[in-house]
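Novice: Below are the structure tokens for one structure; questions will follow.
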Amino acid sequence: MTEQTVAYAMGDVTARGFLVRDEALSGPRPGVLVVHDAFGCADYAKSRARQLAGLGFVALAADMFGEGKVAANFEEARPLIAGVGGPEVIRTRAAAALARLRAEPDVDPDRIAAIGYCFGGRTVLELAYSGAELAGVVSFHGGLTVPGDEDLTRIKAKILICHGDADPHVPPAAVRACLDGLVRAGADWQFVAYNVVHGFTHPGVGDDISRGVAYDAAADRRSWQAMRSFFDELFTAPTHP
Amino acid sequence: MNGWRAVWMVAMAALLAGRGEAKIVEQTLTYPMGDVTARGFLARDDAVTGAQPGVLVVHEWWGLNDYTKRRARQLAALGYVALAADMYGDGKVAATPQEAGQLAGAVRGGTLLRTRAAAALATLRAQPGVDPHRMAAIGYCFGGTTVLELAYSGADLAGVVSFHGGLTVPGEQDMGRIKAKILICHGDADPHVTPAVVRACLDGLTRAKADWQFIAYAGAVHAFTNPDSGNDPSRGVAYNEAADHRSWKAMSDFFGEIFATPAGG
């Protein structure tokens, strides 16, 4: 397993992503972009990238904040997220990370997916909405936005949404608005709900459900398995037959 | 049906790789169900030795027809002992939707649904070669409702899977006794199971402290797993190949979790 920090341009900011792959493998293979939560490209996002590399993918953990900035707590995270700005910037920055991953020589450019957590879940949805060349995206407890009118005919990526049914940050009305938007857009989507709250894949957020953010081992395992089965479908058949 | 062929090829390939010669044997199995006799359909792979998980399959409102039997065979090919239940008795199969509505209506509501499903489960559990601690139930449409009700009754089951089933709400007497883990595979555009019905069911499961998962598939309407449902979603009933494959995979993943050790040892 080899890991490296890779710098890439993201508008006028320099991003510092984390690239990991299993060097024992050869030949083109699928690439997976990992977009971090509110805390930036920190240990958690990197651990997911390592797991994906362990499954045989080339994984790039994107740096959406620039300069590899990370937050130690929610107070520090808030200005970093606000600093990224609206959906346009989110899409541009995610597209830069995607282009960086696609440029890796052992990445099969026709077999690329993106996954994201919380803020990163929202990011990969926006990336899909922008019409990015992707086989699929997976959102884990992500914010669920609605595709805009300009997005309605251009979504290419298949979409898997893994959601905590009791997530106070993403209420049922937001879920329905998102899914209705995806229907209008004619997107290929699947939506999975687990009986858990926000942040359910992240062991670092504790286990106090009353805070609205808590780890849940079963939902973590199940959503990871759902992602793997989704990847099996996406990557087995060529995406451009 | 390329999709079906693909499913079978995958199943057969898995068998050939894992266990040498698969030998799916099937038989009609009669069992008592109150004052009527049920005629179920049992399928298993005779090449598998040792205790295997048992999976109950509950039919659509049509009754125990060829579609249901095909699912039982598919499960047998995965290494499970599968019993397709006969919820109507005497193996009755409806020829028209009117007849199906009558047959289902006579069983739905009241306690008959649960007691008949329990009779089928007991029959499967008693089969030689079935591990009584590794049992699940799956059902389609009417059968989806049935396996939910079976879970609500507190039946000793590792899990249940509903495919485009009617989603009922557990009653007060069911709170706290649901042992089975629950996976619901739902067509998002199913006109028979509206968002309000979905929400009421999930809220009830949460109140009952059940372990549940819910999956919605884009554009899928009622009966999305059944190739005999046609391909006109505007009728509210139609086959959806992607949702069929994905929900079957979700079930396989779910079984992988609840049966822990691989099927067939």
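The values are calculated or read from the model by the stated rules, or taken from the named source; none is laboratory data. Please read all numbers here as calculations on a predicted model, not as lab measurements. As a convention, Cβ positions derive from the backbone with ideal geometry for all residues, glycine included, and neighbour counts pool all protein chains shown.
Per-residue answers, yes or no, for (1) under 23 Å from A:Leu234 (Cβ atoms); (2) of a type in the set (Ser, Thr, Tyr); (3) in contact with a Gly (Cβ under 8 Å, 6 or more places away or on another chain):
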residue: A:Tyr8; (1), (2), (3): no, yes, yes
residue: A:Arg21; (1), (2), (3): yes, no, no
residue: A:Ala45; (1), (2), (3): yes, no, yes
residue: A:Phe57; (1), (2), (3): yes, no, yes
residue: A:Glu67; (1), (2), (3): no, no, no
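Novice: Next up: Determine, yes or no, whether A:Ala62 is closer than 22 Å to A:Arg228 by Cβ, in contact with a strand residue (DSSP E or B) (Cβ under 6 Å, 6 or more places away or on another chain), buried (at least 18 other Cβ atoms within 10 Å of the Cβ) and at pLDDT 95 or above.
Specialist: Yes.
Novice: Mind listing whichever residues of the range A:141-150 are within 19 Å of the chain's Cα centre (by Cα) and farther than 27 Å from A:Ser223 by Cα?
Specialist: If the condition is that a residue be within 19 Å of the chain's Cα centre (by Cα) and farther than 27 Å from A:Ser223 by Cα, then no residue fits.
Yes/no matrix, rows are residues, columns are (1) farther than 14 Å from A:Leu101 by Cβ; (2) assigned to a helix (DSSP H, G or I); (3) of a type outside the set (Asp, Glu):
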| position | (1), (2), (3) |
| --- | --- |
| A:Val6 | no, no, yes |
| A:Thr14 | yes, no, yes |
| A:Leu19 | no, no, yes |
| A:Ala24 | yes, no, yes |
| A:Ser47 | yes, yes, yes |
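Novice: For the range B:170-177, does any single residue satisfy the condition of being touching a Cys at 6+ places or on another chain (Cβ under 8 Å), in a loop (DSSP other than H, G, I, E, B), on the phi > 0 side of the Ramachandran plot and more than 12 Å from chain A (Cβ to nearest Cβ)?
Specialist: no
Novice: What residue, among those in the range A:186-239 that are within 14 Å of chain B (Cβ to nearest Cβ) and among the hydroxyl-bearing types (Ser, Thr, Tyr), is surrounded by the fewest Cβ atoms within 10 Å (Cβ to Cβ)?
Specialist: Among residues in the range A:186-239 that are within 14 Å of chain B (Cβ to nearest Cβ) and among the hydroxyl-bearing types (Ser, Thr, Tyr), the one surrounded by the fewest Cβ atoms within 10 Å (Cβ to Cβ) is A:Thr236.
A quick yes/no check of all residues on (1) within 9 Å of chain A (Cβ to nearest Cβ); (2) on the phi > 0 side of the Ramachandran plot; (3) surrounded by fewer than 21 Cβ atoms within 10 Å (Cβ to Cβ); (4) in contact with a helix residue (DSSP H, G or I) (Cβ under 7 Å, 6 or more places away or on another chain):
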position: B:Pro191; (1), (2), (3), (4): no, no, yes, no
position: B:Val197; (1), (2), (3), (4): no, no, yes, no
position: B:Asp203; (1), (2), (3), (4): no, no, yes, no
position: B:Trp212; (1), (2), (3), (4): yes, no, no, yes
position: B:Ala218; (1), (2), (3), (4): yes, no, no, yes
position: B:Ser234; (1), (2), (3), (4): no, no, yes, no
position: B:Ala243; (1), (2), (3), (4): yes, no, no, no
position: B:Ser252; (1), (2), (3), (4): yes, no, yes, no
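Novice: Residue by residue through the range A:68-102, note down the ones that are loosely packed, with under 13 Cβ neighbours inside 10 Å and not in a helix (DSSP H, G or I).
Specialist: A:Ala72, A:Asn73, A:Gly85, A:Gly86
Novice: Looking at A:Ile159 and the list (1) closer than 19 Å to B:Ala189 by Cβ; (2) more than 16 Å from the chain's Cα centre (by Cα); (3) not aromatic (Phe, Trp, Tyr), which single condition is not satisfied?
Specialist: Single failed check for A:Ile159: (2).
Novice: Given the residues B:Leu183, B:Leu113, which is the only one that is in a helix (DSSP H, G or I), touching a residue at least 24 places away in the same chain (Cβ under 8 Å) and within 16 Å of the chain's Cα centre (by Cα)?
Specialist: It is B:Leu113.
Novice: Among the residues of the range B:222-232, write down those that are more than 16 Å from A:Asp188 (Cβ to Cβ) and either in a helix (DSSP H, G or I) or in contact with a helix residue (DSSP H, G or I) (Cβ under 6 Å, 6 or more places away or on another chain) (or both).
Specialist: Hits for the range B:222-232 are B:Ala223, B:Thr225, B:Asn226, B:Pro227, B:Asp228, B:Ser229.
Novice: Here's something else I'd like to know. Check the range B:172-187 and report whether any residue there is touching a helix residue (DSSP H, G or I) at 6+ places or on another chain (Cβ under 8 Å) and within 20 Å of B:Gly105 (Cβ to Cβ).
Specialist: The answer is no, given that none of the residues of the range B:172-187 is touching a helix residue (DSSP H, G or I) at 6+ places or on another chain (Cβ under 8 Å) and within 20 Å of B:Gly105 (Cβ to Cβ).
Yes/no per residue for (1) in contact (Cβ under 8 Å) with a residue 40 or more places away in the chain; (2) among the charged types (D, E, K, R):
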| residue | (1), (2) |
| --- | --- |
| A:Glu76 | no, yes |
| A:Ala82 | no, no |
| A:Ala95 | no, no |
| A:Arg100 | yes, yes |
| A:Ala128 | yes, no |
| A:Gly131 | no, no |
| A:Gly142 | no, no |
| A:Asp151 | no, yes |
| A:Ile159 | no, no |
